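The values are calculated or read from the model by the stated rules, or taken from the named source; none is laboratory data. What you see is a predicted model, and the numbers here were worked out from it, not measured in a lab. Methodologically, a virtual Cβ is constructed for each residue, glycine included, from the backbone with ideal geometry; neighbour enumeration extends over all protein chains shown.
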Amino acid sequence: MSIEKFSVEKVLLVHRWTNTLFSFTMTRPAHFKFTAGQFARIGLMVDGELVVRAYSVVSSPFDETLEFFSIVVPEGAFTSNLQHLKVGDELYLEKISYGYLTLARYQQPLPKDLWLLATGTGLAPFLSMLQDFETWNKYQHINLVYSVRTASELAYVERIQEIAATFGEGHSGFQFVPIITRDPNAKLHDRLPILIANGELEKAVGLTFDPATSHVMLCGNPQMVDDTKEALKQRGLTMNRRGEGNIAVENYW
Ligand code: NAP
């Protein structure tokens with residue numbers, strides 16, 4: 001990994017949601033451009049070696065700083081070091097951004113209903129998209145569905161309300177739908193593929209998955225992505241290829 005590909009950035013803020021979930025914000029160099037939904041490659045020096053991981057950007061492309069949302073992977077070389085991050089620390093940022101989980105990829109069907117389905121830290125790219133006015137202008141309905149194990153892992157809930165109030169002002173088609181899979185008393189508590197197959201998700205939202213109008217983005221647990229993709233295909237939706245089709249995905253680890 002050539003170090004010239006990276007710039008050195010400073011940590012400006014660290015926010016801890018739980019023992020294993022945290023967010024951090026760092027300086028953004030002028031050369032770092034990205035589209036909402038893309039990811040950055042962040043490096044840490046571990047025992048004199050640069051260790052690099054991909055992180056979707058939470059911030060909007062118009063922000064002056066860069067925010068990321070992370071889980072601590074037990075015994076993971078990267079996050080077990082990253083979790084001790086403090087304001088003022090230095091991180092390496094690869095100069096270019098990556099990824100195709102962007103709204104620009106959709107040509108057909110035309111934008112009408114947007115479903116953003118996340119598990120855990122897979123929420124990040126959707127927060128970026130929701131902080132882009134273009135997203136709100138393009139879609140009549142926007143459903144942000146966020147599955148976590150326990151209520152304490154529901155990070156960013158207040159920010160989501162603030163983002164919807166600011167960026168979606170005057171937009172009446174936004175719904176935030178939390179799923180808490182290990183709380184049997186939660187309104188929605190089954191895994192996403194089950195909630196799609198049995199129609200409960202559509203019932204909760206009041207909208208159906210429709211091959212003619214739905215853009216569905218999946219981000220998070222790779223097994224969730226696979227299983228949910230299959231559940232959506234059963235409903236007649238297709239993978240988005242060369243601009244056409246309903247489903248776009250990003251595995252998160
Ligand atoms: P998670 O296990 O991904 O669970 C988050 C949500 O996804 C829960 O609601 C969970 O439901 C649901 N889910 C899990 N598998 C699913 C599937 N096949 N279909 C549908 N929904 C599914 O939890 P997490 O806390 O985000 O991550 C857990 C572990 O994943 C971490 O401890 C870490 O080892 C690894 N991870 C690694 C990275 C990385 O960058 N290397 C990033 C994130 C996570 P249930 O409650 O039913 O399981």
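Worth pointing out:
- Tabulated pairs, the range 56-80, first acidic (D, E), second within 16 Å of the ligand (Cβ to nearest atom), C-beta under 7 angstrom, 6+ apart or interchain: E67/S23; E67/V58
- Note on the range 97-125: among residues that are over 13 Å from the mean Cα position of the chain (by Cα) and aromatic (F, W, Y), the one that is nearest to G243 (Cα to Cα) is Y106.
- When the range 211-226 is filtered for residues that are buried (at least 21 other Cβ atoms within 10 Å of the Cβ), more than 21 Å from A36 (Cα to Cα) and more than 8 Å from the ligand (Cβ to nearest atom), nothing remains.
- Filtered residues of the range 1-33 (kept if among the aliphatic types (A, V, I, L, M), part of a loop (DSSP other than H, G, I, E, B) and touching a residue at least 24 places away in the same chain (Cβ under 8 Å)): M1
- The range 144-195 - residue that is among the hydrophobic types (A, V, I, L, M, F, W, C) and surrounded by fewer than 14 Cβ atoms within 10 Å (Cβ to Cβ) and, of those, farthest from T121 (Cα to Cα): A165
- Among the residues making up the range 123-143, those that are outside any helix (DSSP H, G or I) and either of a type outside the set (S, T, N, Q) or surrounded by 20 or more Cβ atoms within 10 Å (Cβ to Cβ) (or both) are Q131, D132, Y139, H141, I142, N143.
- Evaluation of E4 against the conditions (1) modelled with pLDDT under 95; (2) surrounded by fewer than 18 Cβ atoms within 10 Å (Cβ to Cβ); (3) within 16 Å of the ligand (Cβ to nearest atom) shows that the sole unmet condition is (3).
- Put simply, of A36, A40 the only residue that is under 16 Å from the mean Cα position of the chain (by Cα), in contact (Cβ under 8 Å) with a residue 24 or more places away in the chain and assigned to a strand (DSSP E or B) is A40.
- A count restricted to the range 56-84 and to residues that are within 15 Å of the ligand (Cβ to nearest atom), in a loop (DSSP other than H, G, I, E, B) and either surrounded by 15 or more Cβ atoms within 10 Å (Cβ to Cβ) or of a type in the set (F, W, Y) (or both) stands at 7.
- Every pair of residues 6+ apart whose Cβ atoms lie under 9 Å, when the first sits in the range 133-151 and is in contact (Cβ under 8 Å) with a residue 12 or more places away in the chain while the second is of a type in the set (D, E) and surrounded by 23 or more Cβ atoms within 10 Å (Cβ to Cβ): none
- On inspection, L93 does not qualify as within 11 Å of the ligand (Cβ to nearest atom), modelled with pLDDT of 95 or more and more than 14 Å from M217 (Cβ to Cβ).
- Output for the range 15-30, where each listed residue is surrounded by fewer than 16 Cβ atoms within 10 Å (Cβ to Cβ), over 13 Å from E153 (Cα atoms) and under 18 Å from the mean Cα position of the chain (by Cα): H15
- Pair list, Cβ < 6 Å and 6+ apart or interchain, from the range 102-131 residues that are closer than 8 Å to H215 by Cβ to residues that are at pLDDT 95 or above and in a strand (DSSP E or B): Y106/H215; D113/H141; D113/S214; L114/I142; L114/H215; W115/N143; W115/V216
- The residues in the range 117-158 that are more than 21 Å from R182 (Cα to Cα), within 16 Å of the ligand (Cβ to nearest atom) and in contact with a strand residue (DSSP E or B) (Cβ under 7 Å, 6 or more places away or on another chain) can be counted, and the count is 3.
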